[in-house]
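Notes to accompany the following structure.
Computed from the coordinates by the stated procedures, all read-outs in this text should not be read as laboratory data. Fair warning: this is a prediction, and the values are worked out from it, not measured in the lab. Here the Cβ is made from the backbone with ideal geometry for all residues, glycine too, and neighbour counts use every protein chain on show.
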Amino acid sequence: MERRWIELDGKPMSYLEQGSGSPLLLVHAFPLSAEMWTPQLVGLPAGWRIIAPDVTGFGPAPDGGRAAAPVPGTSSVDAYAADLLGLMAVLGIRRAVIGGLSMGGYIAFAMFRRAPGCFDRIVLADTRAPADTEEGRAKRVEMVELLRREGPAAVAHAMLPKLLGETTRRERPELVAELWARIAAGSAAGIEAAIRSMMGRPDSTPLLSSIRCPALVIVGDEDVLTPVAEARALHAGLSDAALEILPGAGHLSNLERPAEFNAALARFLAGATAR
Ligand code: MLT
């Protein structure tokens, strides 16, 4: 697995890459970075060129510091999507299997809105199609206030009980500690930009019927942020979708149950997932 860089509109953009073959682009969740896809980068079968980009404002800068955040007021899931389509163009990738987990799913929808022809298949993990509710937006405003007052460590503290399922929190304290450290080391400006982007994202429900490529919906059965009911709704709205429910996983199902997640993804990639 290697970290690579491109320059996009004069700004550095980083991504992790592993393997060669058909392209698979994986978009990370909030408030994490490309690193969260490590179990997939190292664990998926040969024949795939896996690319995990850092969404603008997340991950490292070329000098080892934190990535620069979007200019305040300019961030949106659409702008993130444009960046990732720009990355694909720079890498000469016209079509790929494109997947996202949670915020990564919101960004995948935005990519589909802009460039449906770039999708060979789509993977939607622990995510939802609808926009935020009024209550959801109010909670995001509270999160911004907390972030401004106490910094990314407070966001880590507030979010980890919801990001990880109860089984993981009980059985894998080392993963809880690792994620806490990763979130706490993130850029406050990047985190705030992502919160505002998620708050402003449109409802993707009307998009679902136009997604005709094969789709895989994955969800942890202990996911409290985008519960199984959301995954079932997504699955029902897509014309050609498989649904995989991973036992003992919360919202970060790819990290909590990497072997099961990779097996589900590998079945889908091989075109053999039971419908
Ligand atoms: C994520 O995991 O990306 C976020 O929890 C998504 C959200 O807050 O809607």
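Overview of results
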quantity	calculated
Alpha-carbon centroid distance for the pair region 1-79 / region 211-275, whole angstrom	22 Å
Sequence-distant residues sharing a close amide H with R49 (under 5 Å, placed H)	G21, S22, L24
Neighbour-count order for V90, V123, fewest beta carbons within 10 angstrom listed first	V90, V123
Long-range amide H partners of G220 with built H, under 5 Å	D126, L246, S253
³J(HN,Hα) computed for each position of region 110-116 - Karplus, 6.51 cos²θ - 1.76 cosθ + 1.60, integer Hz, glycine/proline x	5, 5, 5, 4, 7, 8, x
DSSP beta bridge pairing in the chain, given as percent antiparallel to the nearest 5	30 percent
Whole-Hz ³J(HN,Hα) from phi, Karplus 6.51 cos²θ - 1.76 cosθ + 1.60, for region 240-257, glycine and proline x	9, 10, 10, 10, 10, 10, 9, x, x, 10, x, 5, 8, 4, 5, 8, 7, 10
Computed label-point distance, nm, for sites T38 and S209 using a 7 Å Cα→Cβ extension	4.4 nm
Order of M36, M1, M103 - criterion: other Cβ atoms within 10 Å of each residue's Cβ, fewest first	M1, M36, M103
Highest-MSF residue in the chain out of P70, P116, P62 [GNM, Cα springs under 10 Å]	P62
Cα shape, the chain, gyration tensor, a/c 1.5 rule	rounded
Residue-wise HN-Hα coupling along region 12-25, computed from phi with Karplus coefficients 6.51, -1.76, 1.60 (Hz; x: Gly, Pro)	x, 9, 10, 8, 9, 9, 8, x, 9, x, 5, x, 10, 9
Proxy reagent accessibility, fewest Cβ within 10 Å first, across W37, W5, W48	W5, W48, W37
Prolate/oblate/rounded label for region 188-256 (Cα gyration tensor, a/c 1.5)	oblate
